[in-house]
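Trainee: Sharing a structure here in structure tokens format.
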Amino acid sequence: MDIVSEHRLRNDLAETRQIGGWVETFAQRAGLKPEVRNAIDLALIECVTNVISYAWNDSKEHWITVRLRASPGEVRVEVSDDGREFNPLTVPPVDMTQPLERREPGGLGVHMMRQRMEAVEYRREDGRNIVTMKKRTGEAVSL
Amino acid sequence: MPITRKALPDGLELFVSGRIDGAAANELEIQVLEAIRSGAKTVYINLAEASFLCSAGLRVLLQYWRQMKGAGKSLRVANPSPEVNSVLTMTGFRDQMVEGAS
């Protein structure tokens, strides 16, 4: 049986402080190894931070939904929001050949999502951006 | 996220514990700025006890690494924890920023 965890947070960077605790609790329930937990933690914070920073250009309160699902052999992380259409996969890759003196500061968050998760997918559905990230765990889900 | 300071003959070392998430990156920036304004020639950011480093923290490190370098001074990361080291390596920051890496 899959382990599922769903959360909502407001579009306020201070709200991202909750993410570490959500991921830790989920990882314990699902019996995830530390490296998998750390990967989800980082990718999720980066994804949510990007949504909060770029999805809306008003001063209103908006909500972001986070869903974590652990199935046998895989963890899936889904982040959805009702902000303007934005596909993080269109962000240019970080140019790692550039020395730090010449590096562009942008794109690091998406880079880390791609590095830590094996698949990052995007779709736009019913006026919502939906980013799905997957990581293999190579282990059975604990009950 | 506790940050403690230690004076060194050539500068200052900041010891950062815990998660460097978005909000903590702002605190780190304040401490780094104070260290720079104190006139330190070298600022070490000791991340042995930092359990997490996100892109907001990396941007603070990059911004002030560049600023110090431009002023003929130095900002270095010292003793990164395994998780922080992994992030610095993944983003290509390690070789130029970590003390003793290159």
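Trainee: If I ask for residues that are closer than 30 Å to A:V51 by Cβ and in contact with a Leu (Cβ under 9 Å, 6 or more places away or on another chain), which ones from the range B:1-16 would you list? Outline the logic, then answer.
Mentor: At the first step, the residues of the range B:1-16 found to be closer than 30 Å to A:V51 by Cβ are B:1-3, B:16.
Once the filter is applied, which keeps residues that are closer than 30 Å to A:V51 by Cβ and in contact with a Leu (Cβ under 9 Å, 6 or more places away or on another chain), the range B:1-16 yields B:M1, B:I3, B:V16.
Trainee: If B:A56 satisfies all but one of (1) under 24 Å from A:S53 (Cα atoms); (2) loosely packed, with under 14 Cβ neighbours inside 10 Å, what's the number of the condition it fails?
Mentor: Evaluating B:A56 over (1) under 24 Å from A:S53 (Cα atoms); (2) loosely packed, with under 14 Cβ neighbours inside 10 Å leaves (2) as the failure.
Trainee: Just need a number here: residues in the range A:104-118 that are more than 7 Å from every other protein chain (Cβ to nearest Cβ) and not acidic (D, E). Step through it out loud before you land on a result.
Mentor: Looking only at the range A:104-118, we keep the residues that are more than 7 Å from every other protein chain (Cβ to nearest Cβ), and these are A:104, A:106-107, A:110, A:113-114, A:116-118.
Those still in the list that are not acidic (D, E) too: A:106-107, A:110, A:113-114, A:116-117.
The qualifying residues number 7.
Trainee: Moving on to the next point. Please work out which residue is nearest to the chain's Cα centre (by Cα), limiting yourself to the range A:32-62 and to residues that are at pLDDT 95 or above and among the small types (G, A, S).
Mentor: By that ranking, first place goes to A:A43.
Trainee: Would you be able to tell me the number of residues in the range A:114-135 that are within 22 Å of A:V94 (Cβ to Cβ) and part of a loop (DSSP other than H, G, I, E, B)?
Mentor: Of the range A:114-135, the ones within 22 Å of A:V94 (Cβ to Cβ) are A:114-122, A:129, A:131-135.
Applying the additional criterion that residues be part of a loop (DSSP other than H, G, I, E, B) yields A:117-118.
Result for the range A:114-135: 2.
Trainee: Here's something else I'd like to know. Could you list all residues from the range B:90-102 that are more than 8 Å from every other protein chain (Cβ to nearest Cβ) and either touching a helix residue (DSSP H, G or I) at 6+ places or on another chain (Cβ under 8 Å) or part of a helix (DSSP H, G or I) (or both)? Before you say what the answer is, go through the steps one by one.
Mentor: Taking the range B:90-102 and keeping what is more than 8 Å from every other protein chain (Cβ to nearest Cβ), we get B:94-95, B:98-102.
Once the filter is applied, which keeps residues that are more than 8 Å from every other protein chain (Cβ to nearest Cβ) and either touching a helix residue (DSSP H, G or I) at 6+ places or on another chain (Cβ under 8 Å) or part of a helix (DSSP H, G or I) (or both), the range B:90-102 yields B:R94, B:D95, B:V98, B:A101, B:S102.
Trainee: Now, a different point. Would you pick out the residues in the range A:20-60 that are in a helix (DSSP H, G or I), among the small types (G, A, S) and more than 11 Å from chain B (Cβ to nearest Cβ)?
Mentor: First pass over the range A:20-60, keeping only residues in a helix (DSSP H, G or I): A:20-30, A:34-54.
Subset that is among the small types (G, A, S): A:20-21, A:27, A:30, A:39, A:43, A:53.
A:A27, A:A30, listed by residue number.
Trainee: From A:T90, A:T65, A:T132, which residue is closer than 17 Å to A:E15 by Cβ and either away from chain B (no Cβ under 14 Å) or at pLDDT 95 or above (or both)?
Mentor: Numbers: A:T90 fails: closer than 17 Å to A:E15 by Cβ; A:T132 fails: closer than 17 Å to A:E15 by Cβ.
Unique residue meeting the criteria: A:T65.
Trainee: Also, I was wondering about something else. Six or more apart or on different chains, Cβ under 7 Å: which pairs go from a residue in the range B:81-100 that's within 14 Å of A:N38 (Cβ to Cβ) to one that's part of a strand (DSSP E or B) and among the acidic types (D, E)? Could you list them?
Mentor: Short answer, once both residue conditions are applied: B:S81/B:E49.
Trainee: Moving on. Just give me the residues in the range B:62-81 being touching a strand residue (DSSP E or B) at 6+ places or on another chain (Cβ under 7 Å) and either among the hydrophobic types (A, V, I, L, M, F, W, C) or within 8 Å of chain A (Cβ to nearest Cβ) (or both), in sequence order. Don't jump to the end; show me each part of the working.
Mentor: Initially, the range B:62-81 is screened for residues touching a strand residue (DSSP E or B) at 6+ places or on another chain (Cβ under 7 Å), giving B:64-65, B:68, B:73-81.
Of everything in the range B:62-81, those that are touching a strand residue (DSSP E or B) at 6+ places or on another chain (Cβ under 7 Å) and either among the hydrophobic types (A, V, I, L, M, F, W, C) or within 8 Å of chain A (Cβ to nearest Cβ) (or both) turn out to be B:W65, B:M68, B:L75, B:V77, B:A78.
Trainee: Would the range A:67-85 turn up any residue that is within 15 Å of B:F52 (Cα to Cα), crowded, with 18+ Cβ neighbours inside 10 Å and out of contact with any Lys or Arg (no Cβ under 8 Å at 6 or more places or on another chain)? Talk me through it step by step, then tell me what you get.
Mentor: Restricting attention to the range A:67-85, the residues satisfying the condition of being within 15 Å of B:F52 (Cα to Cα) are none.
No; the residues of the range A:67-85 include none that is within 15 Å of B:F52 (Cα to Cα), crowded, with 18+ Cβ neighbours inside 10 Å and out of contact with any Lys or Arg (no Cβ under 8 Å at 6 or more places or on another chain).
Trainee: Does B:K73 satisfy the condition of being touching a Lys or Arg at 6+ places or on another chain (Cβ under 6 Å) and surrounded by fewer than 22 Cβ atoms within 10 Å (Cβ to Cβ)? Walk me through it before giving the result.
Mentor: Details: touching a Lys or Arg at 6+ places or on another chain (Cβ under 6 Å): yes; surrounded by fewer than 22 Cβ atoms within 10 Å (Cβ to Cβ): yes.
Yes, satisfied.
Trainee: May I ask you to say which residue of B:V84, B:V32 is more than 10 Å from every other protein chain (Cβ to nearest Cβ), within 25 Å of A:A43 (Cα to Cα) and either of a type in the set (K, R) or surrounded by 20 or more Cβ atoms within 10 Å (Cβ to Cβ) (or both)?
Mentor: Working: B:V32 fails: within 25 Å of A:A43 (Cα to Cα).
Testing whether each residue is more than 10 Å from every other protein chain (Cβ to nearest Cβ), within 25 Å of A:A43 (Cα to Cα) and either of a type in the set (K, R) or surrounded by 20 or more Cβ atoms within 10 Å (Cβ to Cβ) (or both) leaves just B:V84.
Trainee: Scan the range A:6-19 for residues that are part of a helix (DSSP H, G or I) and either in contact (Cβ under 8 Å) with a residue 12 or more places away in the chain or among the β-branched types (V, I, T) (or both) and jot them down. Before the answer, list the steps.
Mentor: Of the range A:6-19, the ones part of a helix (DSSP H, G or I) are A:13-19.
Listed by number, the residues that qualify are A:L13, A:E15, A:T16, A:I19.
The values are calculated or read from the model by the stated rules, or taken from the named source; none is laboratory data. Only a predicted model underlies this, so the values are computations on that prediction, with no experimental measurement involved. All Cβ positions, even for glycine, are placed from backbone atoms using ideal geometry, and neighbour counts span all protein chains on display.
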